[in-house]
1. Other chains' Cβ within 10 Å of B:72-83 residues: what's the mean?
2. Assuming 0.692 mPa s and 37 °C, estimate D for chain A with Stokes-Einstein, Rh taken as the Kirkwood radius over Cα pairs, in µm²/s.
3. Which percent of the accessible area of chain B is formed by carbon and sulfur heavy atoms (probe 1.4 angstrom)?
4. Is the C-alpha gyration tensor of the stretch A:10-53 telling us rounded, prolate or oblate? Criteria: a/c under 1.5 is rounded; beyond that, a/b larger than b/c is prolate, otherwise oblate.
5. Return one quarter of the surface area of the convex hull spanned by the alpha-carbon atoms of the stretch B:109-181, equal to its mean projected area, in nm².
6. Using only Cα atoms, tell me the angle between helix A:141-154 and the longest principal axis of chain A; keep it within 0 to 90° and round to the nearest 10.
7. Can you give the average number of partner chain beta-carbon atoms within 10 Å of each beta-carbon in peptide A:105-114, as a whole number?
8. Using the crude model of +1 on Lys and Arg Cβ and -1 on Asp and Glu Cβ, and no other charge, please compute the dipole size for the stretch B:1-55 relative to its Cα centre, in debye to 20.
Amino acid sequence: MMNASPDSQPTPIDVRGLVYERRDERVFGPLDFTVEARTIALVEGDNGSGKTTLLRVIAGLLRASAGEARVFGSAPGSDEARAGTASLGHLLGLKGDLTPRENLHLGMGLYGCKPGEDPDAMLCRVGLEGFGDEPVRTLSAGQKKRTALARLALLPARLWLLDEPYANLDRHGIALVNDLLAVHAAAGGAALVTSHGAVSFHQGVACTIRLTP
Amino acid sequence: MAAAFRAMLQRDLLLAWRRRGDALLPVLYAVMVATLFPFALGPEHTLLARISGGVVLVTVLLSMLLSLDAVFRGDLEDGALEYLVLAPQPLALLVAARMLAYWLVTALPLIAVAPLLAYMLGLEGPAQPVLLLALLLATPLLALIGSVLTALTVGTRRSGMLLALMLLPLAVPIVIFAAGAVGAAQQGLPWVAPVAWLAAALALAVVLAPLACATALRIALDS
């Protein structure tokens, strides 16, 4: 794990002329943008405009067709990039037969843990007090989302890639996401967040990336 | 890295424990298949004793095939696979933990029940421990090769049949060596050579299969 101060780190995301094509059909691009530390960037666009695809390219799951993306100065998906990145997608990756607490411990086992964080305190923080020992499959969609958010906030990653983090959440849940993002940015983190624009975002947005089909 | 391996192994064993009824199904299947042979071939003792080693090996292979399809299916469906690929750990290491858990949960109960099935069919004497040894080497080999094929077919629908068609040809040498060792022991001949071949193949697969599996999973997700 890298523990150097955030300011000495290379730019979290640096994208130059990024294009992604699926079967010779352009999904998005060419895109140019950077996301600095302490910044939350919002990716906007209609359904099918390539928001999720952009996040998957930056995470390193998909290979860009042209152009270049750099995550902490390295290629997406490389060891250096993965060490600093945490994702939250449409599929939350929670195991339904495990409890939220076990899921958090699993995430910490795989990704490491931010110093000074405690899974039980984090479950209370996201409003899952008393649900820590129920199997995740018995929780509601919003509670599952909150479990995934708790896992995200525990990880030491300095770059968050969040795909529709507001989906399934109630008003308090939306405030919780904004709160977690604000704390993350204040601690030197960066985030790339997609939204189809239905949710009004909190005031700390530093830049908006607009995708047009 | 060791912590990630342990977390992954613990996860899979815990998941298997929460669904412990599922682990019993391949065992019951193996018992039923092995029981069918005396009904089909008649109760002639010498014939059953001669084919017992082979019957048990093939039965165990088919039972493992039943659950092989599910090795990465659950993780693909709930998205956990993506989080494993994106984790700052060598994917091959996590995949190796997954394979180890699969072998412990699926193959160990089968190995435990196999001597009983062999005895039921009339396999006796020094061939019994040889069968056990052959199974201890052949089942992890099948689990490793099978996991690579599962990773290759993880994105496709109805992958179960495809998986069987891909795995069975690759299982032929494993069955030949394992059954050869048991047959040789039954006739009082030296049986070390085929067992050594199995062990050599297993050593190779332990190193290469997780790497191949990790690459196959990355390809499966890149679409």
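1. 5
2. D = 187 µm²/s.
3. Result for chain B: 74 percent of the exposed heavy-atom area is carbon or sulfur.
4. Oblate is the answer for the stretch A:10-53, as a/c is 1.5 or above yet b/c matches or exceeds a/b.
5. On the way: hull surface 21.9 nm².
In nm², the orientation-averaged hull projection of the stretch B:109-181 is 5.5.
6. 80
7. Numbers: counts 3, 8, 3, 2, 11, 14, 7, 5, 0, 0.
Mean partner shielding for this stretch: 5.
8. 320
The values are calculated or read from the model by the stated rules, or taken from the named source; none is laboratory data. Please read all numbers here as calculations on a predicted model, not as lab measurements. Using ideal geometry, Cβ is built from the backbone for each residue, glycine included, and neighbour counts are taken over all protein chains shown. For the accessible areas, the whole protein counts, side chains as well, though only heavy atoms, and no ligand, DNA or RNA atoms are used. Shrake-Rupley method; radii C 1.70, N 1.55, O 1.52, S 1.80 Å.
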